[in-house]
1. What list of ³J(HN,Hα) values in whole Hz, one per residue of the stretch 126-131 in order, does the Karplus curve 6.51 cos²θ - 1.76 cosθ + 1.60 (θ = phi - 60°) give from phi, with Gly and Pro shown as x?
2. Could you please report the charge total around Ser61, scoring K, R as +1 and D, E as -1 over all other residues with beta-carbon less than 11 angstrom from its beta-carbon?
3. If amide H atoms are built 1.01 Å from N in the plane of the peptide, which residues on other chains or at least 5 residues away come under 5 Å of the amide H of Leu14?
4. Lysine pairs in the chain 8 or more apart or on different chains: how many have alpha carbons under 29 angstrom apart?
5. Taking H as built 1.01 Å from N, whose amide H comes closer than 5 Å to the amide H of Ala54, not counting residues under 5 places away?
6. Where Rh is the Kirkwood radius over the Cα pairs of the stretch 183-226, the temperature 4 °C and the viscosity 1.567 mPa s, what D in µm²/s does Stokes-Einstein return?
7. Take the Cα atoms of the stretch 43-142, find their three principal axes, and give me the spread along each one in whole Å, biggest first.
8. Quick one: what are the phi-derived ³J(HN,Hα) couplings along the stretch 199-209, Karplus 6.51/-1.76/1.60 with θ = phi - 60°, whole Hz, x for glycine and proline?
Amino acid sequence: MFEPIVHASSPITLLGGSDTDNSQLNICLKVAPSVVAADGGADHALRHDLKPIAVIGDMDSLSNKARTAFADALHHVAEQDSTDFEKCLTRIKAPLIMAAGFLGGRLDHTLAVLGTLARLRAHHVILVSPDDVCVLLPHGHSMWQLSPGLRAGVLPLGHATVSSNGLVWDLAGSKLAPDGLVSSSNAVKQAQVSFDVAGPVLLTLPLSASKSLIAGVLAQVSSSAH
């Protein structure tokens, strides 16, 4: 367990090194205006005229320009046993993290990000990409308000058991695994969708469903806090 570098009572936007456009940023900043950058994500912050409250990482991808601009916010974590994404997640305490710039780039980086979510059981982190928003489903029972017809992926990041109600192809205690059964091209059938989950499972939705996903995660966080 690490001492938090950022301790916030409101949501945080976390910027990674992959390209991030204005639509992704606007989705994140609307709900989480405070920004933290993961190493080279600080260069994206600089290009978009954002001032991060912290830049966390091993600083091997940070430009000299960003290093100078954000000198007072740098938090160098030298160890090489974890990615910058993991360094950030383990040092940010916030009810919700909107993470942009972590998907859609190099495949090895994407797989490492998803592996980190699964290992840390980071259910409060929403990943935003050019096409999708996704979150790790909480363990046990959860309810979500979603629009019928939405594409929905139910993707195991390890061995998992999933039951659902409200999808076109519901799962009934199904055993999922990355090298076994997945539900990658499912869809929402009714407005209220429920999941019962054991194991690490990623819910993916189109970018247009970001408001619904954010509302659902905030509701789960609020419920678990009581």
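1. For the stretch 126-131, the Karplus curve yields 9, 8, 10, 10, x, 10 Hz.
2. Around Ser61, the surrounding residues sum to -4.
3. Hits under the 5 Å cutoff: Val36, Met98, Ala99, Ala100.
4. Number of lysine pairs found: 16.
5. Amide H neighbours of Ala54: Ala37.
6. In µm²/s, the coefficient rounds to 106.
7. Principal-axis extents of the stretch 43-142 (Cα, largest first): 46, 30, 28 Å.
8. So the J values, rounded to whole Hz, are x, x, 9, 9, 9, 10, 9, x, 4, 5, 9.
The values are calculated or read from the model by the stated rules, or taken from the named source; none is laboratory data. Since we're looking at a predicted model, the values are computed, not measured. Here the Cβ is made from the backbone with ideal geometry for all residues, glycine too, and neighbour counts use every protein chain on show. To get the accessible areas, we keep the full protein, side chains included, count just its heavy atoms, and leave off ligands, DNA and RNA. Shrake-Rupley method; radii C 1.70, N 1.55, O 1.52, S 1.80 Å.
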